[in-house]
Amino acid sequence: MGDKLRLSVGILRNRASLLLYTAPVLTFSRVFKKKSTEEFSCLPYVMTLFNCLIYTWYGLPIVSHCWENFSLVSINGVGIVLESIFSFVYFCYASPKEKIKVGVIFVRVIVVFGLTTAISAVVFEDHRHRKSFVGSVGLVASISMYGSPLIVMKKVIETKSAEYMPFHLSFFSFLASSIWLAYGLLSHDLFLALPNMVGTPLGILQLIIYFKYKNKKEAPITTTVVGKSNGTMRRTRKKFMNAC
């Protein structure tokens, strides 16, 4: 019964992860259309790529026992391809300043991943220590992935607009993290469960903020300045403010 439940949750986990990894398609259709990344942040895509790289390595036989975590390799391998594409497209349409930012973050991700693979393969001689080391890095990677929208949430609160905080990305982030949490607990793998203990509440917070500010739109308020009554000009000036 326990193995069947774990298998079922594992299937749901992969499907939820696939939805999370493909969610930016809607955002990037807008980027393609406008030929600009506008105010969208690159962090969610690069941090998700970092997370996928680490957990693909975690699932390979050099770290895990044989292919006990093959499903991690398959779903995160797909994630690597998709997030690499999104990051590249973002780079192509970003402003010069944003391109530098994306490049710096991407290089740091590759360096950390390279060091992780090298240290785990060379320094540690058994699977237990390799899993502990790579899992610890994965914990940081997952928290970085789930925490990356915090920058966007700050902007949403400041502008009182959820325009640049895509609902589908927030929802699938919550869905994937909650199912990964359940899978980690069923598998008795704290390195899979712990980051999602952070990711699930962050996903809920994103949804709360989204629904709070999603209907904040600009509404016109008209003020009229009237001159003298005998044939003088009337001027009408429109101002915009955030509707409550």
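Bear in mind that the values in this text are calculations on the coordinates, not laboratory data. Since this is a predicted model, take the numbers as computed values, not measurements. Here the Cβ positions follow ideal geometry from the backbone for every residue, glycine too, while neighbour counts run over all protein chains shown.
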Select, from SER161, SER136, the only residue that is over 26 Å from ARG15 (Cβ atoms), in contact with an Asp or Glu (Cβ under 9 Å, 6 or more places away or on another chain) and among the small types (Gly, Ala, Ser). SER161
Restricting the stretch 60-100 to residues that are over 30 Å from ARG30 (Cβ atoms) and polar (S, T, N, Q), which is surrounded by the fewest Cβ atoms within 10 Å (Cβ to Cβ)? SER71
Which residue out of THR48, THR22 is among the hydroxyl-bearing types (Ser, Thr, Tyr) and crowded, with 18+ Cβ neighbours inside 10 Å? THR48
Of all the helices (runs of 4 or more DSSP H) wholly in the stretch 1-95, which have at least 1 residues that are under 18 Å from VAL134 (Cα atoms)? 43-59, 70-93
Would you mention how many residues in the stretch 175-193 are in contact with a Leu (Cβ under 6 Å, 6 or more places away or on another chain) and either free of Cβ contacts under 8 Å to residues at least 60 places away in the same chain or of a type in the set (S, T, N, Q) (or both)? 2
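Yes or no, residue by residue, for (1) among the hydrophobic types (A, V, I, L, M, F, W, C); (2) under 30 Å from ASN215 (Cα atoms); (3) part of a helix (DSSP H, G or I):
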residue: PHE124; (1), (2), (3): yes, no, no
residue: HIS129; (1), (2), (3): no, no, yes
residue: PHE133; (1), (2), (3): yes, no, yes
residue: GLY138; (1), (2), (3): no, no, yes
residue: ALA141; (1), (2), (3): yes, no, yes
residue: TYR146; (1), (2), (3): no, yes, yes
residue: VAL152; (1), (2), (3): yes, yes, yes
residue: GLU158; (1), (2), (3): no, yes, yes
residue: SER161; (1), (2), (3): no, yes, no
Considering the stretch 101-158, residues that are charged (D, E, K, R) and under 25 Å from SER173 (Cα atoms), and then whichever is surrounded by the most Cβ atoms within 10 Å (Cβ to Cβ), we arrive at LYS131
Single match in VAL9, VAL31 (criterion: surrounded by fewer than 24 Cβ atoms within 10 Å (Cβ to Cβ), closer than 24 Å to SER187 by Cβ and either touching a strand residue (DSSP E or B) at 6+ places or on another chain (Cβ under 8 Å) or in contact (Cβ under 8 Å) with a residue 40 or more places away in the chain (or both)): VAL9
Those residues of the stretch 115-140 which are of a type in the set (A, V, I, L, M, F, W, C), under 24 Å from the mean Cα position of the chain (by Cα) and closer than 16 Å to GLY59 by Cβ, in sequence order: PHE133, VAL134, VAL137, LEU139
Just the residues that are small (Gly, Ala, Ser) and either within 24 Å of SER36 (Cβ to Cβ) or touching a Phe, Trp or Tyr at 6+ places or on another chain (Cβ under 9 Å) (or both), please, taken from the stretch 89-119. ALA94, SER95, GLY103
